[in-house]
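Enquirer: Pasting in a structure now, in C-alpha cells, and then I'll have a few things to ask.
The values are calculated or read from the model by the stated rules, or taken from the named source; none is laboratory data. Computed from a prediction, not measured in an experiment: that's the story for all the values here. Cβ placement follows ideal geometry from the backbone for every residue including glycine, while neighbour counts extend to all protein chains displayed. Surface accessibility is based on the protein's heavy atoms, side chains included, excluding ligands, DNA and RNA. Shrake-Rupley method; radii C 1.70, N 1.55, O 1.52, S 1.80 Å.
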Amino acid sequence: MSENSARSVTVERTSTGHFVATNTRGGTVSFGTGSDSEFTPVELLLAALGGCTAVDVDLATSRHAEPTSFSVEVSGNKINDELGNRLTDLAVTFTVTFPDGEGADRARTILPRAVKTSHDRLCTVSRTVEIGTAVTATIEDA
C-alpha cells in the first residue's frame, strides 16, 4: 500500500435535495435528487466508473496518437429486490477513433488491451464495485 492511500470527500447539503462534494484539493461537484439537471448519486457512480477507466485508456493510447473522438457510455439497471436498491447489468462501452498514421495504428492496436487492463487491474472504481467492499455508516456527535 502506498504512503498516501487515503482518499476522502466531504458532502455538504446546500438546500433541500441539493448537495456539493468537495475533495481535499478544493474541487467541487454539485449533485441532487434528480429533480433538475444536476447529477444524482447513481449517475455520479456511473460517471466514476466510466471516468476511471477512461483515464487509464487515454493515458495508454494518447501517448501514441491523439484520438479524433473518445467517449465512454456507462449504463446499468436500477432495481429494488430483497437486497435493496442497487444497480445491475453495469456496462462500460468505449467509442474511440484515431486518425490515420503509424502512431494511430499503434493506439488502435493497444486499445483493447488498455480497456481490459483497466477493467481487470487498474480502475479503482470498477475493481471496488466488482469485488465488493464493505461500507460503514456512522453518526458523529456534532
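Enquirer: Between V9, F31, V92, whose Cα lies farthest towards the positive end of the dipole of the range 1-122 when Lys and Arg beta carbons carry +1 and Asp and Glu beta carbons carry -1, centred on the Cα centre?
Expert: Sorting the options by dipole projection puts first V9.
Enquirer: I've got another one for you. Relative contact order for the chain: what is it in percent, counting Cα pairs under 8 Å that are at least 6 residues apart?
Expert: Rounded, it is 18 percent for the chain.
Enquirer: Hey, what's the Cα Rg ratio for the range 1-66 versus the globular rule of thumb, 2.2 N^0.38 Å?
Expert: Expressed relative to 2.2 N^0.38 Å, the Cα Rg reads 1.42.
Enquirer: Looking only at Cα atoms, what is the convex hull volume of the range 48-94 per residue, in Å³?
Expert: 65 Å³
Enquirer: Taking just the C-alpha trace of the range 1-138, give me its Rg and Dmax in Å.
Expert: Taking only Cα atoms of the range 1-138, I get Rg and Dmax of 17.6, 55 Å.
Enquirer: With a Cα-only, solvent-free Debye model of the range 88-142, what are the log10 I(q)/I(0) values at q = 0.26 Å⁻¹?
Expert: -1.07
Enquirer: Going by average Cβ density within 10 Å per residue, which order do the peptides 130-136, 65-71, 45-51 take, highest to lowest?
Expert: 45-51, 65-71, 130-136
Enquirer: Among 111-118, 6-13, what's the highest-first ranking by average C-beta atoms within 10 angstrom per residue?
Expert: Peptide ranking by packing, descending: 111-118, 6-13.
Enquirer: With every protein chain present, what is the per residue accessible area of the range 27-128 (1.4 Å probe, Å²)? Mind dumping the intermediate values first?
Expert: On the way: 6340 Å² over 102 residues.
For the range 27-128, the solvent-accessible area averages 62 Å² per residue.
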